[in-house]
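Peer 1: Dumping the structure here so I can ask a few things about it.
The values are calculated or read from the model by the stated rules, or taken from the named source; none is laboratory data. If you're wondering where the values come from, they're calculated on a predicted model, not measured in any experiment. Neighbour counts run over all protein chains shown; Cβ positions are idealised from the backbone, glycine included.
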């Protein structure tokens, strides 16, 4: 059966499924773990702690400046593992396809998955494909779960480890992903194209872990949905501290600032897919920043604030504005930005 | 914000997401791995081999006789791990929710996940929730990925290990899940309710692995999508052998047979969610069968055929019919049965 679109039959589990998997996926993703097509992949891992994470991707549009849902799904899970100080090793790939999806698009996405996995040094070890009727999903949804190895020599990295005095670093320009997607979706004419920052942070994090003594790097977090503001609030809550950030230290591209003004959004709440927030012992902050700046993905890293002792009952995040005022930065509420990742 | 339905805001990553997770999931699924709400769970596993698998569930209807999408998602992944001879330990839970889904239904599903995980002895270690606009998904899709431990004392279990002479066992009545879903969907009046067989096979498999010498149990496979016929064809292909099964040895409930006649379906192609196909050294087949029959989920197990040397270029599956003829049982093609799991 020759077709250029996904049919319900491709999800039957029978011959059409087998052919689709071989033609579209095995050609690009084949490896000794995935290729036997067993119900589970069999992995050999060194003893020690593992990190395990899952993320579903429902982004709209599925192709966007700087990436597509395939590369994003790999980067997102690679980054979630990296944020735990783990070295990402194996990923799963769970696809939900809408009947009628063009197979050419699926091939392009499969190629993006393969390229992104190769770049990040991870193996797609196990996969699954389901098809639903036209109108019961939107083109393609992808779940990636991931396994990473945590080297025992590092102290635990955790969202509850921020201490008063610690420095807060962001690894580069914020809001690029969110601004790019919202702009693409708005259909508004806008001179400059904004690229998503979608990228795998694992090698940057490896460099960072080596740069400072074990324990000095308190925590890592990637500010995806909900943006920098939401992550900072989660850190404040989990560590029971206040965070103070300085507006004029936060790296924001002019174009992103422009889109935010156009659409009435705050860049602190825009999603990032290739950035991390770091909390580090202040005595090692400059060393860490220098190492980050030597990595392509940390070139524009900056110290944006510091951790303070909690002043009131509730931990809070405070922004020192460019014009000198102070304002509280709450966790994201109100206007939702759906399907940003 | 008090609401009895899922809103887009529940997927924002901000406060509404946090509240939904706490109210619906943490109440039921809280454990030391999931509760810190880090980007990844940190797992401590014994040295040795691991099994890793992923499966997305898009079943329609989401509630059906014998289970719901929540219990099914746990059973499906527990079973995929078990089929590799692994002891399932950790599961991930990735949810895609449609705007407008009733929160009461989500709570019921979360409870099913919790109950099924408890019964199977697995921990939900990491989770993710996304929300898409009304009409862009159908109520709820669930991805579960899983990690299991493979004890080193067992020989490899693999789909390529069937050898001529081996016996083929099925662990019980076939087609219950598929018949149950199709009947529920058809809206046809039918006297008897057919229950899905959705169940966790891990303790049955543990008993089976202990029952026979290492190596005698060649392979395990759960005949889900595509049914027994598709799994047998996959075994024939991977092991490069013919399989011969006997129609009058295959356990099929009268009610399932009835639904098949009503809807024009072959029970060999109906999905099962609590059954396994076993290929075992013929000298140990009776011992294994006896052990299986002592387990609640193997009570109706039967030897349904055996492995033969390949006769022609292409491996094939042959059915000896009740009336004495032989017919080839191909891999599933043609009429798809969408969203059966």
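Peer 1: Within the stretch A:161-168, identify whether any single residue is surrounded by fewer than 20 Cβ atoms within 10 Å (Cβ to Cβ), in contact (Cβ under 8 Å) with a residue 24 or more places away in the chain and within 12 Å of chain B (Cβ to nearest Cβ), and answer yes or no.
Peer 2: For the stretch A:161-168, residues surrounded by fewer than 20 Cβ atoms within 10 Å (Cβ to Cβ), in contact (Cβ under 8 Å) with a residue 24 or more places away in the chain and within 12 Å of chain B (Cβ to nearest Cβ): present.
Peer 1: Still on this model: For the stretch B:192-222, which residues satisfy the criterion of being touching a strand residue (DSSP E or B) at 6+ places or on another chain (Cβ under 6 Å), within 22 Å of residue A:128 (Cβ to Cβ) and not in a helix (DSSP H, G or I)?
Peer 2: Passing the criteria: B:196, B:198, B:219, B:220, B:221.
Peer 1: I'm told residue A:177 meets every condition in (1) within 14 Å of chain B (Cβ to nearest Cβ); (2) within 27 Å of residue B:53 (Cα to Cα); (3) crowded, with 24+ Cβ neighbours inside 10 Å except one. Can you identify the failing condition by its number?
Peer 2: Going through the list (1) within 14 Å of chain B (Cβ to nearest Cβ); (2) within 27 Å of residue B:53 (Cα to Cα); (3) crowded, with 24+ Cβ neighbours inside 10 Å, residue A:177 breaks only (2).
Peer 1: Does residue B:194 satisfy the condition of being under 17 Å from residue B:64 (Cβ atoms), assigned by TED's automatic domain parsing to the domain that holds residue B:62 and buried (at least 21 other Cβ atoms within 10 Å of the Cβ)? First the steps, then the outcome.
Peer 2: Numbers: under 17 Å from residue B:64 (Cβ atoms): yes; assigned by TED's automatic domain parsing to the domain that holds residue B:62: no; buried (at least 21 other Cβ atoms within 10 Å of the Cβ): yes.
No.
Peer 1: Checking residue B:156 against (1) modelled with pLDDT of 95 or more; (2) closer than 30 Å to residue B:285 by Cα; (3) within 9 Å of chain A (Cβ to nearest Cβ), only one condition comes out false. Which one?
Peer 2: (1)
Peer 1: For residue A:157, are the conditions met, namely being touching a strand residue (DSSP E or B) at 6+ places or on another chain (Cβ under 9 Å) and part of a strand (DSSP E or B)?
Peer 2: No: the conditions fail for residue A:157.
Peer 1: Continuing with the same structure: Please verify whether residue A:215 is more than 17 Å from the chain's Cα centre (by Cα) and more than 27 Å from residue A:288 (Cα to Cα), treating the condition exactly as stated.
Peer 2: So residue A:215 fails the test.
Peer 1: Identify, by number, the condition in (1) crowded, with 22+ Cβ neighbours inside 10 Å; (2) under 19 Å from the mean Cα position of the chain (by Cα) that residue B:203 doesn't meet.
Peer 2: Every condition holds for residue B:203 apart from (1).
Peer 1: So how many residues does the stretch B:30-50 have that are in contact with a helix residue (DSSP H, G or I) (Cβ under 6 Å, 6 or more places away or on another chain) and closer than 13 Å to residue A:50 by Cβ? Full working, then the answer.
Peer 2: Of the residues in the stretch B:30-50, the ones in contact with a helix residue (DSSP H, G or I) (Cβ under 6 Å, 6 or more places away or on another chain) are B:39-40.
Right, trim to closer than 13 Å to residue A:50 by Cβ and you get B:40.
Here the count works out to 1.
Peer 1: Residues that are away from chain B (no Cβ under 14 Å) and buried (at least 16 other Cβ atoms within 10 Å of the Cβ), at least 3 per element: which strands (runs of 3 or more DSSP E) completely within the stretch A:223-341 meet that?
Peer 2: A:242-246, A:302-308, A:317-320
Peer 1: For residue A:334, all conditions in the list (1) at pLDDT below 95; (2) touching a helix residue (DSSP H, G or I) at 6+ places or on another chain (Cβ under 6 Å) hold save one; what is the number of the exception?
Peer 2: That leaves (2) as the condition not met.
Peer 1: On to the next question. For residue A:189, indicate whether it is assigned to a loop (DSSP other than H, G, I, E, B), modelled with pLDDT under 95 and away from chain B (no Cβ under 14 Å).
Peer 2: yes
Peer 1: Residues of the stretch A:13-43 being in contact (Cβ under 8 Å) with a residue 40 or more places away in the chain, part of a loop (DSSP other than H, G, I, E, B) and at the interface with chain B (Cβ under 7 Å from one of its Cβ atoms), which ones?
Peer 2: Selection gives A:40 alone.
Peer 1: Against the definition (touching a helix residue (DSSP H, G or I) at 6+ places or on another chain (Cβ under 7 Å) and more than 26 Å from residue A:11 (Cβ to Cβ)), how does residue B:248 come out, yes or no?
Peer 2: no
Peer 1: Another question, then. Is there a residue in the stretch B:44-54 that is without any contact (Cβ under 8 Å) to a residue 40 or more places away in the chain, over 25 Å from residue A:225 (Cα atoms) and not in a strand (DSSP E or B)? So that I can check it myself, show each step before the final result.
Peer 2: Of the residues in the stretch B:44-54, the ones without any contact (Cβ under 8 Å) to a residue 40 or more places away in the chain are B:44, B:47.
From the residues that got through so far, the ones that are over 25 Å from residue A:225 (Cα atoms) too are B:44, B:47.
From what is left, the residues that are not in a strand (DSSP E or B) are B:47.
Yes - at least one qualifying residue is present in the stretch B:44-54.
Peer 1: Among the strands (runs of 3 or more DSSP E) lying completely within the stretch B:61-151, list those that include at least 1 residues that are crowded, with 21+ Cβ neighbours inside 10 Å, within 13 Å of chain A (Cβ to nearest Cβ) and free of Cβ contacts under 8 Å to residues at least 60 places away in the same chain.
Peer 2: Per the criteria, B:87-98, B:123-132.
Peer 1: If you scan the stretch B:11-69, which residues turn out to be on the phi > 0 side of the Ramachandran plot, out of contact with any strand residue (DSSP E or B) (no Cβ under 7 Å at 6 or more places or on another chain) and modelled with pLDDT under 95?
Peer 2: Within the stretch B:11-69, B:13, B:37 meet the criteria.
Peer 1: All but one of (1) modelled with pLDDT of 95 or more; (2) over 16 Å from residue A:304 (Cα atoms); (3) more than 9 Å from chain B (Cβ to nearest Cβ) hold for residue A:215; which doesn't?
Peer 2: For residue A:215, the exception is condition (1).
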